[in-house]
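Asker: One structure, pasted below without further comment.
The values are calculated or read from the model by the stated rules, or taken from the named source; none is laboratory data. The model shown is predicted, which means the values in this text are computed figures rather than measured ones. Every residue, glycine as well, gets a Cβ built from its backbone with ideal geometry; the counts of neighbours run over all protein chains shown. Each accessible area value is taken on the protein alone, full model and side chains, heavy atoms only, with ligands, DNA and RNA left out. Shrake-Rupley method; radii C 1.70, N 1.55, O 1.52, S 1.80 Å.
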Amino acid sequence: MRITILCENTVGRLMGLGEHGFSAFIETDQGNYLFDTGSGRSVVENSLELDRDLRTIRKIFLSHGHYDHSGGLPEVLKLKGRVDVHAHPHIFLDRVHVIKEGEKETRRFVGLPFKRSYLESLGANFILNKDFMEIEERIFLTGEVPRKTSFEKPDPRLFSEIDGKTKQDIFSDDQSLILDTEKGLILILGCAHSGMINIINHVIHKTGEEKFLAILGGTHLDFLTPEQLEESIKVLKKMNIEKIGVCHCTGMRAAFRLHQEFGERFFYGHVGSTLEI
Ligand SMILES: [Fe+2]
Ligand SMILES: [Fe+2]
């Protein structure tokens with residue numbers, strides 16, 4: 001099995017393009033899969049440079065509706081054609097990012113930037129789930145993640161629009177991918193909007209497995225409160241995690257803290273990083 005970071009904010013090797021976004025290419029004995037698609041500009045370019053053939057993917061998984069995870073979907077569909085796209089029904093909600101600076105309020109659309117019908121016309125066969133689900137043998141999606149920790153809070157800058165009303169985004173659609181290997185679980189996070197610890201606890205509860213071979217992806221740890229970062233690290237250190245390869249919305253400060261705490265077990269998941277087992 002091999003997992004390659006295809007899209008990410010930073011380029012750490014002498015290849016590929018960085019962009020605000022996330023995507024991982026997953027190769028298994030059962031076939032290849034794509035988790036998220038980046039924001040659109042780098043997914044095809046990077047797949048060619050890294051020699052990962054997007055035409056071979058069996059399924060696409062979307063972690064949530066934000067453009068930086070879903071925006072590359074048309075580019076992938078133009079190459080692949082008809083393919084199952086697994087996601088939560090709320091990926092189609094309108095999403096906004098609101099920044100308040102004194103009197104000034106700036107609103108930016110950050111949702112899925114394409115209509116469902118357009119994506120379907122390019123070949124997307126949406127399969128929508130809300131619950132934990134085994135997609136293929138030993139490959140699972142978390143479904144909605146119960147919010148249980150006291151220290152993991154929603155990002156106050158992010159809103160969704162439901163029936164014309166702007167509300168704090170609770171990200172019911174945030175789901176992560178689990179690969180159940182003989183050496184432990186591999187957990188791939190999109191942005192971890194449900195809270196990284198909530199997600200890990202949900203995975204342990206649903207699979208009955210506590211050993212994580214690796215946790216990869218965006219953790220959103222640098223954008224909330226310092227308490228959330230430190231409390232999350234405290235809990236992570238008690239868990240059975242062999243490798244932690246975070247990136248994207250983790251933020252540099254949180255990544256450095258994780259490196260301090262996890263030492264050799266930490267790596268930064270820039271474009272082209274691979275995890276092979
Ligand atoms: Fe993101
Ligand atoms: Fe996000």
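Asker: Over all directions, the average projected area of the alpha-carbon convex hull for the range 84-149 comes to how many nm²?
Answerer: Seen from a random direction, the Cα hull of the range 84-149 projects 7.1 nm² on average.
Asker: In Å and from the alpha-carbon atoms only, list the Rg and Dmax of the range 1-77.
Answerer: Considering the range 1-77 through its Cα atoms, Rg and Dmax are 11.1, 30 Å.
Asker: What's the long-distance tail for the range 193-248, i.e. % of Cα pairs beyond 20 Å?
Answerer: I get 18 percent for the Cα pairs in the range 193-248 exceeding 20 Å.
Asker: Still on this model: Shape verdict for the range 131-236, please, from the Cα gyration tensor: rounded (a/c under 1.5), prolate (a/b greater than b/c) or oblate.
Answerer: Cα axes put the range 131-236 in the oblate bin.
Asker: Grab the other residues whose beta carbon is less than 15 angstrom from that of D94, score K and R as +1, D and E as -1, and report the net.
Answerer: Within the 15 Å Cβ shell, the charges total +3.
Asker: Select from the chain the helices, each a whole stretch of DSSP H, whose alpha-carbon atoms run 27 Å or more along the helix axis and whose Kyte-Doolittle mean is at least 1.6; answer none if there are none.
Answerer: Span-like helices in the chain: none at all.
Asker: Hey, another quick one. When N counts the residues of the range 1-134, how does its alpha-carbon radius of gyration compare numerically with 2.2 N^0.38 Å, as a ratio?
Answerer: 1.09
Asker: Another question, then. Want the number for K238 to R147: 0.36 nm per residue separation, take away the alpha-carbon distance, what's left?
Answerer: Roughly 30.8 nm would be gained on extension.
Asker: Here's something else I'd like to know. At q = 0.10, 0.12 Å⁻¹, work out log10 I(q)/I(0) for the range 92-191 with the Debye formula, treating every Cα as an identical point scatterer and leaving solvent out; two decimals please.
Answerer: -0.40, -0.57
Asker: Percent of accessible area on the chain owned by carbon and sulfur, 1.4 Å probe?
Answerer: 49
Asker: Now for a separate question. Could you rank the peptides 225-237, 186-198, 22-34 by their average count of other C-beta atoms within 10 Å per residue, with the highest value first?
Answerer: 186-198, 22-34, 225-237
Asker: Continuing with the same structure: Binning at 10 angstrom from zero up to the longest distance, how are the C-alpha pair distances of the chain distributed in percent?
Answerer: Spelled out per bin, shortest first, that is 7, 32, 39, 19, 3, 0.
Asker: Please list, in order, the residues from the range 132-156 whose amide nitrogen is less than 12 Å from a point placed 7 Å along the Cα→Cβ vector of Q168.
Answerer: The answer is 152-156.
Asker: How much area per residue is accessible in the chain when the probe is 1.4 Å and only protein heavy atoms are counted (Å²)?
Answerer: 44
Asker: To continue, here is another question. With all protein chains present and a 1.4 Å probe, how do L54, L48 order by accessible area, largest first?
Answerer: L48, L54
Asker: Just to verify a number: FRET efficiency for H259 and R157, C-beta to C-beta distance, R0 = 25 Å, to 0.05?
Answerer: Calculated transfer efficiency: 0.45.
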